1. Between GLU623 and THR89, what is the label-point separation in nm under the 7 Å Cα-to-beta-carbon projection?
2. How high is the relative contact order of the range 333-430, in percent, counting Cα pairs under 8 Å that sit 6 or more residues apart?
3. Residue farthest toward the positive end of the dipole of the chain, with Cβ of Lys/Arg at +1 and Asp/Glu at -1: which of GLY322, LEU378, PHE134?
4. Quickly rank 361-368, 243-250, 406-413 as a protection proxy: mean count of other C-beta atoms within 10 Å, highest first.
5. Using the crude model of +1 on Lys and Arg Cβ and -1 on Asp and Glu Cβ, and no other charge, please compute the dipole size for the range 148-266 relative to its Cα centre, in debye to 20.
6. Can you give the charge dipole size of the range 232-354 about its Cα centre, rounded to the nearest 20 debye, using +1 on the beta carbon of Lys and Arg and -1 on the beta carbon of Asp and Glu?
7. Excluding GLU27 itself, calculate the net charge of residues whose Cβ lies under 11 Å from the Cβ of GLU27, where each Lys or Arg counts +1 and each Asp or Glu counts -1.
8. Modelled label-to-label distance, VAL635 and ASN75, 7 Å Cα→beta-carbon offset: nm?
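Read the figures in this text as sums done on the coordinates, not as results from a lab. Just so you know, these numbers come straight off a predicted model, no measurement behind them. Virtual Cβ from ideal backbone geometry, glycine too; neighbours counted across all protein chains shown.
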Amino acid sequence: MSELRKVNIDGKEIEVPGEYTLMQACEEAGAEIPRFCYHERLSIAGNCRMCLVEWVGAPKPQASCALQVNDLRPNRDGTPANIRTNSETVKKAREGVMEFLLINHPLDCPICDQGGECDLQDQAMAYGRDSSRFEENKRAVDDKFMGPLVNTIMTRCIQCTRCVRFVTEVAGVEEIGLASRGEDAEITTYLEKSLTSELSGNVIDLCPVGALTSKPYAFNARPWELESTESIDIMDAVGSNIRVDSRGGRVLRIMPIINEEVNEEWISDKTRFVWDGLARQRLDQPYIRENGKLRPAGWDEALSLAASKLSGEPETIAAIAGDLCDAEGMKALKDLMGSLGVRNIDCRQDGSLIGGSERAGYLFNTTIAGTEQADAILIIGANPRLEASLVNTRIRKAWIAGGLSIGVIGEAAELTYDYEHIGDAPADIAALADGKKGFAKAFKAAKNPMIIIGSAALARKDGAQILRAAGELAKKSGCVREGWNGFNLLHSAASRVAGLDMGFVPGQGGLSTNEIAQAAKQDAVKTVYLLGADEIGADFGQAFVIYQGSHGDNGAHRADLILPSAAYTEKDGLYTNLEGRVQMGSRAVPPKGEAKEDWAIIRALSTHCDRVLPYDSLSELREKLIADHPVFGGVGVAPGAQGAANFDPSKLGASGRVGTDPLISSVTDFYMTNPIARASDVMAQCSAQQSELGDETNLNKAAE
């Protein structure tokens with residue numbers, strides 16, 4: 001940071017860093033500066049001119065967003081430069097700018113979805129004139145097609161270019177631009193194609209007027225009608241902080257909340273638009289399968305049947321937790337199975353064999369924010385853009401800042417930054433340590449090297465060997481040292497880390513997910529309890545399947561008994577993200593029909609099993625959870641490099657030869673990764689659109 005510089009703002013002398021913009025300096029002094037084009041996370045455009053201030057002695061008002069404090073020369077007597085933010089000159093300049101902005105802006109406020117939360121409305125009231133001197137006809141601009149998510153009314157556009165800069169700089173796909181000049185200037189997508197970025201919905205938040213709005217949310221509600229609840233997203237393992245807006249017990253909108261350590265102020269399109277899936281294909285009462293068909297049942301009958309099926313030998317019972325479970329639900333199920341003597345439990349429904357007492361062995365140890373400090377990143381068997389979009393934005397942010405080398409072992413995916421494709425086989429991991437050029441040389445010389453291993457790489461038969469190979473490379477390359485831990489697992493399941501933290505894994509002699517499925521086919525396991533587990537391809541043979549979940553998806557299709565539970569927006573719960581940060585989700589709307597929270601269902605079931613669990617409320621359950629596993633008491637904290645000096649990644653996994661099959665990502669369709677997304681009509685449209693674009697791209701490549 002440069003030296004501090006003095007500046008006089010509205011008669012108040014302050015000291016600020018020289019690289020501050022004049023706008024930041026004014027806000028540091030307590031002045032409010034209006035703006036449309038300026039955004040602190042985007043490059044400076046300086047094209048709306050709403051932030052004009054008066055520099056005493058200068059011939060004209062200055063755009064405070066585009067002028068640095070270093071650029072201010074002191075007065076002739078040596079005193080700091082004088083800046084005025086509330087003088088008559090400034091007032092007249094802002095009124096003039098606002099008058100120009102409103103020349104062509106239509107009077108759409110009564111029918112505009114931005115009404116009530118529109119920057120143009122607010123600033124026109126605060127800084128505009130009470131009348132206009134222009135009588136010419138307003139210009140009209142054709143609306144543009146941007147896909148199934150973003151609705152466009154481009155006549156409202158004021159050419160602030162926030163959307164252009166976001167898509168280019170943060171999302172990393174150059175799909176929006178400013179065409180023509182002067183009165184003919186228009187924001188448009190290239191060749192009128194749909195946006196392909198998985199972060200495209202953020203342009204809706206960035207747009208200061210109603211030019212870009214949410215297509216699925218259009219005309220559903222006004223902002224003052226909505227009840228807002230702060231919560232946590234579970235569409236991936238990032239744990240983005242979100243605000244759930246609801247009305248009348250129905251979720252109508254999901255928005256981001258700023259958390260600099262996790263998602264900054266962005267969220268993925270799946271997080272933002274999956275809300276319609278919360279109301280579709282819901283399980284709203286218990287069902288029992290008789291003669292091949294499901295029939296409705298009461299809770300008492302359903303729980304009695306479940307208890308009878310759980311009364312057999314412990315070796316013949318198994319439980320698997322899915323990807324969207326909260327910590328309390330998994331803890332209750334683990335306690336119930338423990339009281340029954342069942343050791344066949346697993347939270348790794350993808351079949352990976354990670355876990356153990358070494359917590360750093362399964363976390364994203366660098367932390368999401370810490371990714372920006374890396375100078376070399378090796379990605380193994382992962383596609384961060386699809387598996388953890390907000391982690392990918394951090395990698396791109398570090399890459400744009402310069403000095404970051406990136407290498408990929410696995411499929412050559414279309415990421416948003418340049419990288420060296422080293423190979424697609426696990427054997428390339430060991431070979432990288434002996435490299436003397438290209439990325440291998442940069443990785444060896446890096447001060448803060450970082451390895452990211454995808455969950456799909458560890459779900460293979462040779463997953464343990466791949467983990468060992470990556471751990472040995474991490475040790476040789478200095479990825480782990482005091483104050484820095486560059487060894488990272490990239491989870492895609494929101495519940496995975498919490499399940500591993502509480503030991504929701506097979507006990508001594510217990511069976512893992514794949515072994516449970518195999519044993520069920522051989523009739524060795526007779527009862528399988530699925531807690532929201534929908535991503536398992538096994539049919540479990542003749543075993544009796546109890547499915548507890550919120551949606552009628554894969555798990556419910558195979559189930560003999562269905563226990564309806566609340567979705568993530570309908571319950572309070574703890575979730576641990578991929579970096580080990582425990583966060584608290586909150587109930588925004590009531591559960592559908594007779595559905596109940598996961599822990600409450602299992603607590604009631606324990607009574608029918610004569611194994612009454614020692615808690616009667618969520619707070620009592622959390623007390624026991626924290627008492628048994630203290631890591632859940634550190635809400636909002638990621639361990640990062642804590643204890644890195646004692647962590648040896650080369651001891652993880654198992655020794656042996658790795659396979660020859662190429663490494664692939666765990667996510668093939670970004671929009672269809674869980675039951676809620678598959679129930680969403682909006683996600684189905686996005687998936688179909690993406691498939692069409694993919695087919696078109698393949699045809700173009702074939703033609704070339």
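1. Going from the THR89 label point to the GLU623 one covers 6.7 nm.
2. Value for the range 333-430: 20 percent.
3. Result: LEU378.
4. Per-residue mean Cβ counts within 10 Å order the peptides as 361-368, 406-413, 243-250.
5. Approximately 540 debye in magnitude.
6. In total the dipole reaches around 580 debye.
7. Overall, the nearby charge balance is -2.
8. Between VAL635 and ASN75, the simple spin-label model gives 5.2 nm.
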